[in-house]
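Comments concern the structure below.
The values are calculated or read from the model by the stated rules, or taken from the named source; none is laboratory data. Just so it is clear, the structure is predicted and the values come from calculations on it, not from any experiment. Cβ placement follows ideal geometry from the backbone for every residue including glycine, while neighbour counts extend to all protein chains displayed.
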Amino acid sequence: EQRLPQLLDDVMDAMIEATRAERGFLLLYDGQGRLGIRVARNIDREALDGEELAVSRSIAQEAASRDAPVLTVDAAFDARFGAAASVSALKLRSVLAVPLRLKGRVVGTVYVDHRFRTAAFDGAAVELVLELADIAAISLHNARLFEENATRQREIERLNARLEEELVNQQAELDGARAALRHSAALEVRYPYDALVGRSPRML
């Protein structure tokens, strides 16, 4: 899949299905170094919006900053996150977040959760999501390269079209100049002026 939005949806749907999570998010760093949600999906393979987009950014940030998986079997009673406002407001139970690495650099976080089941994820789920995150990173990189190449190709086509237009205009100007020269040469043959006397500007 070369279309980046569809690719990200497919990756997230695969993770939700494999881990039996309720929701899944893919967060990427923006130009200001902040994690932003790029994909938000549910178990029914539907995009999330509105209040459903709420996610524990403290857990997602922890996985990204530590460059290590973060697993909690019951976030509400986890000493690491129990005091986090997002965990309390969302009444989160099971959460699994893993770093998304690209060329050795963390570019975001893959995050799955379940708001109603405790201990929904285990060590096997962690390994599976880590593997899927690696595949997602490669696919993301390839899709970005594809988009960049397509953009370059469109730019080349635009420049070629402009160059062709300029060549047509230059050819038209050249044809006009040649016609003028032929006309001027014909006038010189038909009406020689070398016998006229006078040096005034009007005569010249």
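Scanning segment 105-130 for residues that are in contact with a Leu (Cβ under 7 Å, 6 or more places away or on another chain) and part of a helix (DSSP H, G or I) turns up Ala125, Val126, Val129. If the condition is being of a type in the set (A, V, I, L, M) and over 25 Å from Leu4 (Cβ atoms), then segment 150-174 contributes Ala161, Leu163, Leu167, Val168, Ala172, Leu174. Against the conditions (1) closer than 30 Å to Asp13 by Cβ; (2) at pLDDT 80 or above, Leu140 satisfies every one except (2).
Among the residues of segment 18-35, those identified as assigned to a strand (DSSP E or B), surrounded by 22 or more Cβ atoms within 10 Å (Cβ to Cβ) and of a type in the set (A, V, I, L, M) are Leu26, Leu27. When segment 115-162 is filtered for residues that are surrounded by 12 or more Cβ atoms within 10 Å (Cβ to Cβ) and among the basic types (Lys, Arg), the ones remaining, listed by number, are Arg115, Arg117, Arg144. Restricted to segment 14-43, and to residues there that are over 22 Å from Ser65 (Cα atoms) and out of contact with any strand residue (DSSP E or B) (no Cβ under 6 Å at 6 or more places or on another chain), the residue that is modelled with the lowest pLDDT is Ile43.
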